[in-house]
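The values are calculated or read from the model by the stated rules, or taken from the named source; none is laboratory data. For clarity, every value in this text was computed on a predicted model and none was experimentally measured. Quick reminder, even Gly has a Cβ in these numbers, built from the backbone with ideal geometry, and neighbours come from all protein chains shown.
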Amino acid sequence: MAEEYVSLAEWRNKCEAVKAFSEAQIWVHKHLIHFTLFFFITGLPLISKEWFGWLAFVFGYPLSTVIGSYDPYSLGIQVARFIHRISALGLALVLIPFLLKTLGELRRMEIWPECWSFSCFKKGFKDMIDFYVYRKRVTFPKYNVGQKGWIWTVIVGMVIMYVTGTVMWLRDLFPPSAWEVAHLLHDIGFFIAAIGLIIHVYMALLIPEHRPFVRAMFRTGRLTEEYVREHHPEWHEKIEKEG
Amino acid sequence: MGEMAIAFNVDNCIFCRACQVACHVWNNTRPQVTEFSPTLTNPPDLLPNVWTLMEAKEVVEGDEFHWLFFKRQCMHCSEAPCAKACPVNAIEIHPEGAVVIREDKCTGCRFCIEACPYDVPRYDESSEKVYKCTFCIDRIQNGLEPACVAACPTDALVFGDYDELVNRYRSQGYEVYGDSVNDYVGRTHYIYVTRKYKGKLTDPKYFGDRLKKDPRKASVQVGANVVEPVGWGLVGLTLLAAAGHFIYWRAKRIEEKSESKGEKGGE
């Protein structure tokens with residue numbers, strides 16, 4: 001009997017039968033990481049000059065050796081503000097086509113609550129505590145309540161950061177009272193982003209049970225059916241129903 | 001030289017505007033071309049090149065009409081919220097009390113404008129920097145009076161030791177604004193004194209909202225005193241919680257593995 005050879009991609013598709021992330025999602029997530037990194041390293045010296053002022057010297061000193069008459073620290077802040085704004089434009093260029101592509105699929109995405117009642121949210125939180133504290137086996141959907149909360153925090157947070165950032169960038173178009181509110185909300189947004197990212201990165205990199213998802217997000221976008229059945233039975237059920 | 005103050009005696013001002021002119025001359029700031037307007041105040045507001053401005057206000061008390069003259073410039077606050085808000089430390093607070101913007105360091109971000117409760121710093125679009133009164137720090141550090149004080153013909157402006165000036169005016173029965181304003185601005189090194197309008201310095205009917213009873217920018221204060229400390233605290237707590245959870249999770253996994261090994265061994 002002749003042996004049947006399959007390509008690596010086909011073999012992977014057979015083994016990792018469940019598609020968790022589209023190529024567009026993988027692409028956007030990758031760029032989101034790059035731009036978030038830029039936002040943080042260029043925003044930190046502005047929000048806390050006492051702790052992160054040294055970053056302004058890092059940006060400004062090399063350039064000040066070329067532009068002689070400029071104070072290195074001030075130059076560093078100017079460079080940071082410039083990169084911050086360019087990063088915002090870059091991220092917008094990545095997000096706009098993604099949003100246009102995703103808009104039609106929005107209702108079918110697994111980011112909505114399973115149901116809207118209080119008891120449903122209560123069960124979601126209880127499931128999270130059972131899993132992350134007591135390590136019990138829980139019937140999670142694709143994303144648990146915490147993960148859905150994070151996705152919505154990112155969506156709403158980005159809108160707020162873009163609106164407030166625009167007010168601060170194009171401040172001549174707005175009254176000073178708007179600058180003040182925008183500045184305050186931008187600062188609050190930074191702290192929410194920082195706290196959320198610490199939890200997100202910790203959960204992704206240091207909880208071994210999440211690793212297949214991380215691999216899927218950074219490589220193939222796929223998960224094995226066995227993993228989905230074991231860790232996300234509600235989602236598995238839904239997939240089976242949909243055929 | 002210790003902590004200094006400039007006192008503006010409202011009762012003595014004759015609106016000659018010599019102070020305004022002297023400020024332009026000393027600081028080499030090109031004066032504005034004047035225009036007709038319904039008031040005597042000209043130009044109508046502070047500008048990047050107008051660091052001090054004499055304002056004239058018509059006040060009617062009963063049947064009596066009179067002019068009220070008010071000098072406007074940076075108040076040189078001891079707590080200088082503008083200096084705290086500046087991300088590049090371009091605003092220096094001198095021991096004499098002067099709050100000075102270093103033009104070479106200013107990036108024109110305008111965070112100082114957001115923070116100032118007296119609406120003083122002005123942004124210049126051509127140089128992309130912010131300007132305001134310097135308290136003539138270059139003059140006073142060289143033993144001279146500020147230019148506006150030197151030009152005043154009626155002693156409406158007096159320069160001297162801070163406590164000495166405040167005590168002198170108080171002992172003469174003047175109302176003094178500036179020596180203890182609030183926690184946001186501290187005390188101002190430009191002080192306002194009057195006997196004629198005693199009890200009315202912070203009354204909006206007379207001086208508008210220029211001399212506020214409680215000058216502050218709530219959003220800036222919430223940002224600096226609440227959002228930042230609480231935010232950094234929560235960031236630290238999140239890091240600690242993540243580290244704690246990691247240790248707990250790992251210990252539990254090891255425990256479960258050894259239990260399942262034990263069960264297999266028992267079989």
Inset, instruction - Scan the stretch A:20-30 and give yes if some residue there is at pLDDT 95 or above, touching a helix residue (DSSP H, G or I) at 6+ places or on another chain (Cβ under 7 Å), among the aromatic types (Phe, Trp, Tyr) and surrounded by 17 or more Cβ atoms within 10 Å (Cβ to Cβ), otherwise no. - result: no
Inset, instruction - Would you tally the residues in the stretch A:197-208 being facing another protein chain (nearest Cβ under 9 Å), in contact with a helix residue (DSSP H, G or I) (Cβ under 7 Å, 6 or more places away or on another chain) and of a type outside the set (Val, Ile, Thr)? - result: 3
Legend entry - Selected residue (only one of B:Asn9, B:Asn42 is in contact with a Ser or Thr (Cβ under 6 Å, 6 or more places away or on another chain) and buried (at least 17 other Cβ atoms within 10 Å of the Cβ)): B:Asn42
Legend entry - Single condition B:Ile137 does not satisfy, out of (1) surrounded by 16 or more Cβ atoms within 10 Å (Cβ to Cβ); (2) farther than 21 Å from B:Glu92 by Cβ: (2)
Inset, instruction - State whether one or more residues within the stretch B:134-157 are among the aromatic types (Phe, Trp, Tyr) and on the phi < 0 side of the Ramachandran plot. - result: no
Inset, instruction - Go through B:Glu58, B:Glu79, B:Glu64 for me and flag whichever is surrounded by fewer than 18 Cβ atoms within 10 Å (Cβ to Cβ), among the acidic types (Asp, Glu) and within 28 Å of B:Arg216 (Cβ to Cβ). - result: B:Glu79
Inset, instruction - Kindly list, by first and then second residue, each pair from a residue in the stretch A:175-193 that is more than 9 Å from chain B (Cβ to nearest Cβ) to a residue that is of a type in the set (Phe, Trp, Tyr), limited to pairs with Cβ atoms under 9 Å and residues at least 6 apart or on different chains. - result: A:Ala182/A:Phe174; A:Ala193/A:Phe39; A:Ala193/A:Phe40
Inset, instruction - Find all pairs meeting these conditions: Cβ atoms under 9 angstrom apart; at least six residues apart or on different chains; first residue within the stretch B:101-124 and farther than 13 Å from A:Ser177 by Cα; second residue part of a loop (DSSP other than H, G, I, E, B) and aromatic (Phe, Trp, Tyr). - result: B:Asp104/A:Tyr70; B:Val120/B:Trp51; B:Arg122/B:Trp51
Inset, instruction - Considering only residues that are more than 11 Å from chain B (Cβ to nearest Cβ) and among the polar types (S, T, N, Q), look in the stretch A:20-50 and name the one that is nearest to A:Met158 (Cα to Cα). - result: A:Thr36
Inset, instruction - Filter the strands (runs of 3 or more DSSP E) completely within the stretch B:109-211 down to those with at least 1 residues that are within 14 Å of chain A (Cβ to nearest Cβ). - result: B:122-124, B:129-131
Inset, instruction - May I ask you to say which residue of B:Val166, B:Val181 is crowded, with 19+ Cβ neighbours inside 10 Å, modelled with pLDDT of 95 or more, assigned by TED's automatic domain parsing to the domain that holds B:Glu114 and in contact with a Pro (Cβ under 9 Å, 6 or more places away or on another chain)? - result: B:Val181
Inset, instruction - Could you list, in sequence order, all residues of the stretch B:8-52 that are over 23 Å from the mean Cα position of the chain (by Cα), of a type in the set (A, V, I, L, M, F, W, C) and in a loop (DSSP other than H, G, I, E, B)? - result: B:Cys13, B:Ile14, B:Phe15, B:Cys16, B:Val33, B:Phe36, B:Leu40
Legend entry - Positions within the stretch B:185-200 being surrounded by 19 or more Cβ atoms within 10 Å (Cβ to Cβ) and under 19 Å from B:Ala83 (Cβ atoms), in sequence order: B:Val185, B:Arg187, B:Thr188, B:His189, B:Tyr190
Inset, instruction - Kindly provide the set of residues from the stretch A:106-127 that are under 16 Å from A:His29 (Cβ atoms) and over 17 Å from the mean Cα position of the chain (by Cα), ordered by number. - result: none
Inset, instruction - Report yes if some residue within the stretch A:84-104 is within 14 Å of chain B (Cβ to nearest Cβ), assigned to a helix (DSSP H, G or I) and either under 30 Å from A:Glu23 (Cβ atoms) or touching a helix residue (DSSP H, G or I) at 6+ places or on another chain (Cβ under 7 Å) (or both); otherwise report no. - result: yes
